[in-house]
Amino acid sequence: MKTMRIIFAVCCVFGCCCLYAQKACESCHLTRSAHSDLYTVDAEQVRCLARNSERDLTMFYTFAPWCGPCREKLPKLIELAKQSDVDFYLLFTDKEREHTFYIQSLGLPLPDSLYDSSLKQIIVTDSLYSPESFKRLNAPNRKFIQIVGKRYSEKYMRFLEQITPPQFEVIGDMGKILLLNRQGEVVLVTSYKDNEGSSDNSKTMEKVSQYIVQERKKNTL
């Protein structure tokens with residue numbers, strides 16, 4: 001039964017983005033990924049989705065199915081997004097051709113919230129951030145982060161370098177929250193440092209909530 005739910009979720013992903021954000025998808029010229037039914041995005045398209053949202057703030061959550069802390073945080077984050085009335089996207093960071101493999105083959109437990117038909121799901125594009133010329137491990141001046149075993153994701157780091165504004169530190173941890181305003185400006189980038197001293201992600205959630213309030217106060221002045 002669990003396997004069937006997982007497969008069903010993957011099959012439904014394709015319609016999620018355009019079903020609930022048709023205008024944004026069309027305006028930002030999103031394309032299908034290499035091997036899954038997810039739409040791909042780069043840093044500029046993330047900003048574009050925020051500019052074309054019907055809500056004043058848009059939240060993107062960097063996610064990989066194998067990331068335990070990411071899965072644990074997701075239900076609370078979705079609830080926070082609903083309560084705060086912000087647009088919400090689940091932003092997968094795996095390689096495009098590996099996304100379906102991770103979900104269907106590894107048998108990893110996924111939160112029930114992932115099967116919410118209203119959850120918009122997209123994936124960081126391989127074409128811009130993972131060119132063949134950058135895939136060799138012995139290439140000079142490489143930046144790597146080890147994210148699971150011997151898997152390295154320069155793709156994710158390159159994306160973070162493009163999307164993270166100067167006032168925030170570029171940290172290659174998973175489960176990051178990116179909060180953007182209607183102008184497509186990134187007003188918050190979280191990291192594991194925001195939750196130091198807390199075992200239930202409460203500090204991170206509190207920080208996100210505070211930023212949402214602050215941004216809306218700015219718009220009313």
> Would a scan of the range 128-144 turn up a residue that is at pLDDT below 95, crowded, with 19+ Cβ neighbours inside 10 Å, within 19 Å of the chain's Cα centre (by Cα) and not in a loop (DSSP other than H, G, I, E, B)?
Replying inline: yes
> From the set of residues in the range 12-29 that are within 12 Å of Gln121 (Cα to Cα) and either in contact with a Cys (Cβ under 7 Å, 6 or more places away or on another chain) or open to solvent by 50 Å² or more (accessible area, probe 1.4 Å) (or both), which is modelled with the highest pLDDT?
Replying inline: Cys25
>> Given the options Cys48, Cys70, name the one that is in a helix (DSSP H, G or I), touching a residue at least 24 places away in the same chain (Cβ under 8 Å) and open to solvent by 10 Å² or more (accessible area, probe 1.4 Å).
In response: Cys48
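Here's the yes/no breakdown for (1) among the small types (Gly, Ala, Ser); (2) at pLDDT 95 or above; (3) open to solvent by less than 90 Å² (accessible area, probe 1.4 Å):
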position: Val187; (1), (2), (3): no, yes, yes
position: Tyr192; (1), (2), (3): no, no, no
position: Asn195; (1), (2), (3): no, no, yes
position: Ile212; (1), (2), (3): no, yes, yes
position: Lys217; (1), (2), (3): no, no, no
> Can you tell me which residues in the range 153-178 are crowded, with 22+ Cβ neighbours inside 10 Å and under 24 Å from Asp56 (Cα atoms)?
Replying inline: Phe159, Leu160, Ile163, Gly175, Lys176, Ile177, Leu178
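The values are calculated or read from the model by the stated rules, or taken from the named source; none is laboratory data. For clarity, every value in this text was computed on a predicted model and none was experimentally measured. As a convention, Cβ positions derive from the backbone with ideal geometry for all residues, glycine included, and neighbour counts pool all protein chains shown. All accessible areas refer to the heavy atoms of the entire protein, side chains included, with ligands and DNA or RNA removed. Shrake-Rupley method; radii C 1.70, N 1.55, O 1.52, S 1.80 Å.
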